[in-house]
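These notes concern the structure reproduced below.
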Amino acid sequence: MSTDSGAFDDLLHEERRFSPPAEIADDAVLRDPSVYAEAASDREAFWAGWAAELDWFEPWSKVLEWDPPRAQWFIDGKLNVSHNCLDRHVEAGRGDRRALIWEGEPGDTRTYSYSELLEEVSRLANALRDLGVERGDRVTIYLPMIPEAAVAMLACTRIGAIHSVVFGGFSPESLADRNNDARAKVLITADGGWRRGAVVPLKANADEALQTSPTVENVVVVARGGALTEEVAAPMVDGRDHWYHELIAGAAPDCQPEVMDSEDTLFVLYTSGTTGKPKGVVHTTGGYLTQVYATTKSVFDLHDEDVYWCTADVGWITGHSYIVYGPLANCAQVVMYEGAPDTPDRGRFWELCQKYGVTIFYTAPTAIRAFMRWGDQWPGEYDLSSLRILGTVGEPINPEAWMWYHEVIGGERCPIVDTWWQTETGGIMITPLPGITETKPGTATRPFPGIEAKILDDDGNETRAGYLAITEPWPSMLRTVWGDDERFMQTYWSKWKDIYFAGDGAKLDSDDYFWILGRVDDVLNVAGHRIGTAEVESALVDHHAVVESAVVGKKHDIKGESIAAFVTLKEGIEGSEELVAELRQHVGTKIGAIAKPELIVLTADLPKTRSGKIMRRLLRDIAEGRAVGDTTTLADPAVVRRLQDEHEEEG
Ligand code: PRX
């Protein structure tokens, strides 16, 4: 991604503007624009105001201790996240309110009230304690999108265990790597889950991962239920594996929540970076909960009657912050859906919106582009008049997709919140406020009140086109990288002094709105999922036929980016279609299906500088069929011509 791409200059001249509709603005959680100035004049007081809306067992003595890049928020404050998401609502007389409204892909449904969720969380928390899980221990969660995923996360927080949720689409090897890096003691999984009418065999994957996960002592297995459990044989290993339903049936329904320090670790979530090894982003308790609580309430303008649906998977940060912790801390009514948007047909999301009367809908641009492609007839079949607020996250949204979302899904009446943030930021950072901000298609607009973002050049000078930087600490910021503080320092804090480097390029327009251009490092964003080029490269060179590979992103109409790999084979090995298919599958086996390259070009050479550095820019040009830029620094300029020929043969 280069920060000076001309195509984006056109976007900055976007003239279409959308003011908050009066019916939203008049009653919005945040409706007075002075909130920005107030928050800026005393950021600590602003965040402390939000923190005070949570339940604390003991108050904090100081809001912020900032010893860059170390931040501690709400020093000495004691709280428990599951207590804040469950008990306090039940104690306030709201136990019968719906907490989770779940639908499985085959159409089975379950609803949990806040009291029911509290009881199940408490039972599982007791069961985990019985399995020897103690405060600070790590628990891996590898589940489909079923209510038990939220139960498992909350049960960990109740006893002070640190969860590490691993997306169900990751391979056994990726799961084992994460188990080992975190030294997880327990794994919570399911026999399987439904995706596009097929079963994802999670327990079988887990069994494979467990062969190389020596720290995991016990496995809890959810019977996903219905036809699935009949279909998947999940042989249970005596003494190691336990059925979830048996454990909770045998556990006491009350569980005293652990009193946690504000800065105790809440969870670790692995995300891709610029090396072959994903990093465990560490989030802590008080600051994280405060920011996700505040942003859920104000960015989505959450009111009592709202029915809230975020279509992410709990395996990603969006699922953590905006399916589980933010909404439940707000006592929201949360819709959760297990499966794919096109099963049994392409109207499934809109059918769910109509059926449950969804009022707030939060999804990714890649999904919106797919819906657009599928055609207006699908949403057209359903009554979407309950929708009030629409959100997007995960990648830049092109104005065309934004307009389609606005017109076809939002009926031109729903504000769109384009929210920029990251696994590392924990919560939303740059976003419109639906009752205040005039939006323009394609921009995330302004930093949330209490957040200070700037665009800087390499030397740390302010500029209007450069790198996105966060210049002041925020409550839900990552605290370190699990087991690798050096990487934390290097990745985020070494570019400038005491300023957070987000890894994204951005521009400011004449309204001082932020336009996020995408990653400036070797991280790809494929259908809203982060994948490191180095991860895919190391999966490829792991194959016996491969000597070297270089992976780049290639523009994709729906996914935003897709993966293109240039691969050099060992001497004497003949390239063939079968081998290309095998390489693609090998990446799937090593990482997961989301990382499979769409394009693999077999090549005798890779373009390198005289110092041996692969020139990715040229590879991107070739992958996208563009005229190749400056090649004067190449060691062997003839390589590019050969590569172009090879690529054409592939195509
Ligand atoms: O490049 C930015 C992009 O997604 C990256 C963060 O990915 P991840 O940690 O997986 O978290 C995704 C969900 C929060 C960012 O560095 N990104 C996220 N939101 C936006 C975005 N790019 C443009 N606009 C957004 N709204």
ask   = Which ones in segment 380-389 are of a type outside the set (D, E, K, R) and surrounded by fewer than 23 Cβ atoms within 10 Å (Cβ to Cβ)?
value = G380, Y382, L384, S385, S386, L387
Residue that is surrounded by the most Cβ atoms within 10 Å (Cβ to Cβ) [pool: residues in segment 489-507 that are outside any loop (DSSP other than H, G, I, E, B) and away from the ligand (no atom under 15 Å from the Cβ)] = W493
key: Selection within segment 60-107 - under 30 Å from P341 (Cβ atoms), surrounded by fewer than 16 Cβ atoms within 10 Å (Cβ to Cβ) and touching an Asp or Glu at 6+ places or on another chain (Cβ under 9 Å)   = P106
message = For segment 273-297: of the residues being over 17 Å from R479 (Cβ atoms) and out of contact with any Phe, Trp or Tyr (no Cβ under 8 Å at 6 or more places or on another chain), which is nearest to the ligand (Cβ to nearest atom)?
response = T274
ask   = Could you say whether any residue in segment 523-544 is farther than 20 Å from T419 by Cβ, polar (S, T, N, Q), outside the structural domain of W474 (by TED's automatic domain parsing) and in contact with a strand residue (DSSP E or B) (Cβ under 8 Å, 6 or more places away or on another chain)?
value = yes
key: Check on T140, modelled with pLDDT of 95 or more, closer than 19 Å to A190 by Cα and buried (at least 23 other Cβ atoms within 10 Å of the Cβ)   = yes
note = Across (1) modelled with pLDDT of 95 or more; (2) within 16 Å of the chain's Cα centre (by Cα), T290 clears everything bar (2)
query = Looking at segment 46-59, which of the residues that are in contact with a strand residue (DSSP E or B) (Cβ under 9 Å, 6 or more places away or on another chain) and of a type in the set (F, W, Y) is surrounded by the most Cβ atoms within 10 Å (Cβ to Cβ)?
reply = W47
task = State which residue pairs qualify: first residue away from the ligand (no atom under 11 Å from the Cβ) and inside segment 427-439, second residue among the acidic types (D, E) in any location, beta carbons under 7 Å apart, and separation of 6 or more residues or different chains.
result = P434/D301; G435/D301
The listed residue being assigned by TED's automatic domain parsing to the domain that holds M153 and either surrounded by 20 or more Cβ atoms within 10 Å (Cβ to Cβ) or closer than 23 Å to R129 by Cβ (or both), out of A182, A233, A204, A227 = A182
query = So, in segment 525-547, of the ones that are outside any strand (DSSP E or B) and within 30 Å of F448 (Cα to Cα), which residue ends up nearest to the ligand (Cβ to nearest atom)?
reply = G528
inquiry  = Tally up the residues in segment 600-620 that are surrounded by 20 or more Cβ atoms within 10 Å (Cβ to Cβ) and not in a loop (DSSP other than H, G, I, E, B), please.
reply    = 5
request  = Can you tell me which residue among D511, D522 is charged (D, E, K, R) and away from the ligand (no atom under 16 Å from the Cβ)?
outcome  = D511
remark   = For helices (runs of 4 or more DSSP H) lying entirely in segment 313-396, having 2 or more residues that are within 16 Å of the ligand (Cβ to nearest atom) and not hydroxyl-bearing (S, T, Y) picks out 326-329, 365-374
Test: V628 is closer than 16 Å to R642 by Cβ, more than 23 Å from the chain's Cα centre (by Cα) and part of a loop (DSSP other than H, G, I, E, B) = yes
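Given the criterion of a type in the set (S, T, Y), within 15 Å of the ligand (Cβ to nearest atom) and touching a residue at least 40 places away in the same chain (Cβ under 8 Å), identify the matching residue among T480, T423.
The match here is T423.
Can we say A252 is away from the ligand (no atom under 13 Å from the Cβ), under 20 Å from W421 (Cα atoms) and of a type in the set (A, V, I, L, M)?
Criteria not met by A252.
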task = Mind counting the residues in segment 70-116 that are acidic (D, E) and over 30 Å from W474 (Cβ atoms)?
result = 5
Helices (runs of 4 or more DSSP H) completely within segment 20-132 that count 1 or more residues being acidic (D, E) and touching a Leu at 6+ places or on another chain (Cβ under 7 Å) = 43-51
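Regarding M145, is this residue outside any helix (DSSP H, G or I), in contact (Cβ under 8 Å) with a residue 12 or more places away in the chain and assigned by TED's automatic domain parsing to the domain that holds A190?
yes
The values are calculated or read from the model by the stated rules, or taken from the named source; none is laboratory data. Predicted, not measured: the structure shown is a model, and the values here were computed from it. We place every Cβ from the backbone using ideal geometry, glycine too, and count neighbours over all the protein chains shown.
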